[in-house]
Every structure is written in C-alpha cells, then in structure tokens.
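Heads up, the thing below is written out as structure tokens.
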Amino acid sequence: MTGDNKFIHTYTGQAIDLRGPEQDQIRLNDIAHGLARCNRWCGQTRDAYTVAQHSVYVSRLLAFEGHTVLTQFQGLMHDASEAYLGDMSRPLKDLCPQYKEIEEMWEGVIEMRFGIEGPLHPSVKAMDIQAYRVEARDLYDHTMVVEPPAKNYPKIHYCWTPASAEMAFRTRFFELWEAIQS
C-alpha cells in the first residue's frame, strides 16, 4: 500500500484511499494538523495564512452574525476536506471538474463522520465569501481587485503559526462540539 499513489498517509498514520474514504478513518487530529499546514491563497499572502485560521475565522464570523452553534460548526468544518486533498485555488478548481467530484465525496464522508446533517447552511458560503474579502483586505501589502467586505468585519491582524492554528482549530471544534451535544 505504501507505494500506491491512490492512497494518502495522514498525520495519525491512516492510509486512506482517495477514491473511497471511510468515516472511521477520518480523525480530528488529521484535519486540524493538515489544515494548519495548508496555506490559503496559494501561499501568496504577506505571511503564511492557513486554512485552519480561515476556518476558525469563518466560524467566528458566523457567531458574530448570531448564527446557531450548528451553523458555526459547519463554518469551522467547511474546508475540512482540504486537510486530505490540499487547498486548490478557485481558478484551478474550475479547470479541473473531476476535483470537484472528489472534493464533494470527501465532504460527504466528513459530514457523516461528524454528524453534520443536510446541506450546509447558506450563510456558511456567504461568510466564506466575506472572509475571502477580509483576507484580501488584510493579508496583502497591495490593493487587491476584490470587492470589499459587506461590513466592517474584525481585522485579521496577524497570521498564526501552524502550531497555534492547529490548537485554535481543535479548541474551537471542542467548544462547538460540546455546545451541540448538550
């Protein structure tokens, strides 16, 4: 299995077939670790900005807007598949239609693993777009040709280290998970 290019090997030692992940192979530690080492914006921001920090930020924006804990949890987990697949820029995703199918399959397995039922709340995508606009505003030294955020959302003052991003993701996960379970 080690030399098979259809498998990925995770931080916790899982060997997962990209074509058919199983729910019991999905681990929070792999997600938090992977997202904390995966850069958004193809690494082109002033400092390395991780998908983990982005996910926590989306989750907090949803809280800021008064959304339910479940919707905040969906916001935290909306890019979890990228821990296994990597982050791909939107223009490249549009050029690779098969990637979208693989991504949707992984999203479905992750959603089932963590009990995220039904489609994501529409506000998750809306906050993801607002986070993108805030990131463009705050993480570049030059002006981006991106529409500004709809509101004066909290500024991203600095980028977290991978270790800090991993810990923040886990902390937010358990905070929301406990609230959902109670």
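The values are calculated or read from the model by the stated rules, or taken from the named source; none is laboratory data. None of the values given here were measured: they were computed from a predicted structure. Glycine gets a Cβ as well: all are built from the backbone with ideal geometry, and neighbour counts include every protein chain shown.
Among the residues of segment 12-26, is any more than 20 Å from His121 (Cα to Cα), surrounded by fewer than 19 Cβ atoms within 10 Å (Cβ to Cβ), out of contact with any Leu (no Cβ under 6 Å at 6 or more places or on another chain) and β-branched (Val, Ile, Thr)? Yes. Flag set for Arg19, criterion: at pLDDT below 95, over 16 Å from Phe174 (Cα atoms) and either touching a strand residue (DSSP E or B) at 6+ places or on another chain (Cβ under 7 Å) or among the charged types (D, E, K, R) (or both).
For (1) of a type in the set (Ser, Thr, Tyr); (2) out of contact with any Gly (no Cβ under 6 Å at 6 or more places or on another chain); (3) more than 26 Å from Glu147 (Cα to Cα); (4) exposed (fewer than 15 other Cβ atoms within 10 Å of the Cβ), each residue gets a yes or a no:
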position	(1), (2), (3), (4)
Gln53	no, yes, no, no
Val58	no, no, no, no
Leu62	no, no, no, no
Thr68	yes, yes, yes, yes
Thr71	yes, yes, no, no
Ser81	yes, yes, yes, no
Tyr132	yes, yes, no, no
Glu135	no, yes, no, no
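Segment 89-182 holds helices (runs of 4 or more DSSP H) entirely within its bounds, and those carrying 1 or more residues that are at pLDDT 95 or above map to 97-113, 122-138, 162-181.
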